[in-house]
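One structure is given here, and the rest of the page talks about it.
The values are calculated or read from the model by the stated rules, or taken from the named source; none is laboratory data. Not measured: the values here are computed from a predicted model. Glycine also receives a Cβ, built like all others from the backbone with ideal geometry; neighbour counts cover every protein chain displayed. Keep in mind that these areas ignore ligands, DNA and RNA; they rest on the heavy atoms of the full protein, side chains included. Shrake-Rupley method; radii C 1.70, N 1.55, O 1.52, S 1.80 Å.
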Amino acid sequence: MNTRVVRAACPHDCPDTCAMLVTVTDGVATEIRGDPDHPNTAGVLCTKVSRYLQRTYHPDRILHPMKRIGPKGSGQFAQISWDEALDIIATRLRAIAERDPRAILPYSYAGTMGAVQGESMAMRFFNRIGASRLDRTICSSAGGTGIKYSIGAKMGTDTEQFAHAKLILIWGGNPIASNLHFWMRAQEARRNGAILVAIDPYRSLTAEKCQHHIALLPGTDAALALGIMHVLVRDALLDQDYIANYTLGFEQLRERVADWTPARTAATCGIATEQVEWLARLYGETALRGEPVAIRVNYGLQRVRGGGMAVRNVACLPALVGAWRHAAGGVLLSSGDSFPKRPDRLERPDLYRRDVAYPPRTINMSTIGDDLLKPASAEFGPAIEAVIVYNANPVAVAPESAKVARGFARDDLFTVVLEHFRTDTVDYADIVLPATTQLEHVDVHATYGHQYIVANNPAIAPLGESRPNSEIFRMLARRMGFDEPAFADSDEALAEQAFEAGHAYTRNYHWQHVKEQGWYKLDIPAAPFAQGGFPTLSGKCEFYSERMRQDGLDPLPAYIPPYESAASAPELARMYPLAMISPPQRNFLNTTFVNVQSLRDTEGEPHLELHLDDAAERGIKDGDRVRAWNARGEMIARARVTDRPRKGLVVALSIWWKKLASDGKNANELTHQRLTDMGRAPAFYDVLVQVEKLPDI
Ligand code: SF4
């Protein structure tokens, strides 16, 4: 028997980007585990990815190219050869590109987070065609934009340092489900005497395990941050020296927060005045004692109309109390900008086709429901005639799902999907191409939760006729007649180009070395903003942001109420009185893993969690079938009646495959396509619904 252990990286849309060890015997992967030597992974994989072999060798894997033989949406396909598939695609794309290449749209996101199998060869291909560009906003761009206005980049406290904090605010996230290795650090901190406070409308698994939980109304986090600032200023719980030297606009901020009394904050957030006072004083007094206070802000709070501003406000707090002076202080939303990435080398925007008369067009992935249904117009440009989907499942994930499905059902739309499984989106494809999983290809990963570049070596040969995304776009480029040398780069060559070597953070980084060792920790100082040096225009933490003013935004921290809430839309709330959020289900990762039976069995079926009082008002008991609806659509689920959601909130843990639900629908039937205040992102958690009991069947 020939047994070896291969160093790999978890590719999924999760901040932890675990380093993995894959045992391979005679060409078959037999074991997968977390690398015990990788400091962030510490030998632990989450439940989902510890089943990765079940996913890789799943009997439903798509292993051959297929073409559609039934109506769109029916999922009826026949196997074809690679030659036939490439011919059909190249013929269709060539014809469309001759008329107007912008009618071709790539649609991709974080199905893999790898630099090679993400936007490398794929973007070279679409640039060369001159296709529409995709604004990749579906998840994090509101918060990402907000934090940049305050501190200049998506950077912050090193996850490993959270273990040494004395107070941790876990704001808008449920790390037990979606940031497990941060949670391990938070637990360590707690064992060392730290106080953990969860801020979340829902008593999630994480909130339950923190010493304190503040269950505010969804979409009001920005107001809570303003209220905390008010108390810090009022009670002089400030690091005056840090403010004077390393921040900009304190006097304007002082005026702005003067009105945000604890009473007003509490009324806006639907919590007690004492909670605002207590939280602000705890934060300020702990910091003033010289102890590290850290905030793990996550993406939940930015999925509302004012989500960008909410993150911006939270990101101002550490500078007020001088928390950045400590390695274990500050705030972390994402570490993504810490990595010296080279998209210019990977994606080659210089290949963008220039021999056509049209200006480039950008389509927002979050409004794909509307955009697929738009006819050609002077304002919009050509109707979308072809969509190539990879690393994404828009029919289940994009908001206002009924419209998305209607768009993909268009008979005149040519859809190609690169996939592992027959997802909801695959059902609408004209051509399906079999993609490799992480065990079958090369990749290299940045992350958004820690500070390591992680390498992925192929452990096994591609199953069936599957091919890496990079190779599929290489083959398509050849078939289209693109002969630029950029299309000849191997995956190894792409991996080599992914990061700048010799940058201040990658002084000793070499791909070949990392490939063998498994990872490389960026050379970032332990307390990067201890003496300012923020990557903003001023080099300071900007309470006042001139860039925001130039972008047409309020330059100071502010509160932007939700689109849909009792306070901001009272008439709508009379018809649909319950707020709905759809955060990640612990055993799913977006829509990945929903088809792994052992993980789905844990969930059973789609659930809607209601507060005891809301259920009682509607005669709903635990386990009843219920219908949730609003003007956009409806979904059926099994009721869970608990005191976990605050009263007035329903929680649809997500994201279910629509076709695996009894009614063929999921929570995105109820979401809308209106965008956040900044970052052009969807407001998934800014939704009102009504719920009723259904008869059992
Ligand atoms: S999904 Fe996240 S926690 Fe799970 S193995 Fe992957 S990176 Fe680690």
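Here Asp60 meets the list (1) part of a helix (DSSP H, G or I); (2) away from the ligand (no atom under 16 Å from the Cβ) almost entirely, failing just condition (1). Among the residues making up segment 33-42, a single one is open to solvent by 30 Å² or more (accessible area, probe 1.4 Å) and either within 10 Å of Met20 (Cβ to Cβ) or near the ligand (Cβ under 7 Å from one of its atoms) (or both): Arg33. For Val594, the conditions (1) at pLDDT below 95; (2) more than 23 Å from the chain's Cα centre (by Cα) are fulfilled apart from (2).
Hey, could you check segment 205-220 for residues that are open to solvent by less than 10 Å² (accessible area, probe 1.4 Å) and in contact with a helix residue (DSSP H, G or I) (Cβ under 7 Å, 6 or more places away or on another chain) and say which is nearest to Val44 (Cα to Cα)? In this case the residue turns out to be Thr206. In segment 9-32, the residue that is farthest from Thr591 (Cα to Cα) out of those that are within 11 Å of the ligand (Cβ to nearest atom) and charged (D, E, K, R) is Asp16. Looking only at residues in segment 239-291 that are aliphatic (A, V, I, L, M), free of Cβ contacts under 8 Å to residues at least 24 places away in the same chain and within 23 Å of Asp554 (Cβ to Cβ), the one that is most open to solvent (accessible area, probe 1.4 Å) is Ala267. Filtering Gln451, Gln438 for residues that are under 30 Å from Arg185 (Cβ atoms) and open to solvent by 10 Å² or more (accessible area, probe 1.4 Å) leaves a single hit, Gln451. Being on the phi > 0 side of the Ramachandran plot and surrounded by 12 or more Cβ atoms within 10 Å (Cβ to Cβ) is the filter here, so list the residues in segment 9-32 that pass it. If the condition is that a residue be on the phi > 0 side of the Ramachandran plot and surrounded by 12 or more Cβ atoms within 10 Å (Cβ to Cβ), then Thr17 is the only one that fits. Condition test on Ile69, is it β-branched (Val, Ile, Thr), open to solvent by 10 Å² or more (accessible area, probe 1.4 Å) and within 16 Å of the ligand (Cβ to nearest atom)? When the stated conditions are applied, Ile69 does not pass them. Residues in segment 178-203 that are open to solvent by less than 10 Å² (accessible area, probe 1.4 Å) and within 16 Å of the ligand (Cβ to nearest atom): Asn179, His181, Phe182, Ala186.
Here's the yes/no breakdown for (1) without any contact (Cβ under 8 Å) to a residue 60 or more places away in the chain; (2) assigned to a loop (DSSP other than H, G, I, E, B):
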| site | (1), (2) |
| --- | --- |
| Tyr544 | no, yes |
| Arg549 | yes, no |
| Gly552 | yes, yes |
| Ala558 | no, yes |
| Pro561 | no, yes |
| Ala566 | no, yes |
| Met580 | no, no |
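On the basis of being more than 10 Å from the ligand (Cβ to nearest atom), in contact with an Asp or Glu (Cβ under 9 Å, 6 or more places away or on another chain) and open to solvent by less than 20 Å² (accessible area, probe 1.4 Å), does Val6 make the cut? Against the criterion (more than 10 Å from the ligand (Cβ to nearest atom), in contact with an Asp or Glu (Cβ under 9 Å, 6 or more places away or on another chain) and open to solvent by less than 20 Å² (accessible area, probe 1.4 Å)), Val6 does not qualify.
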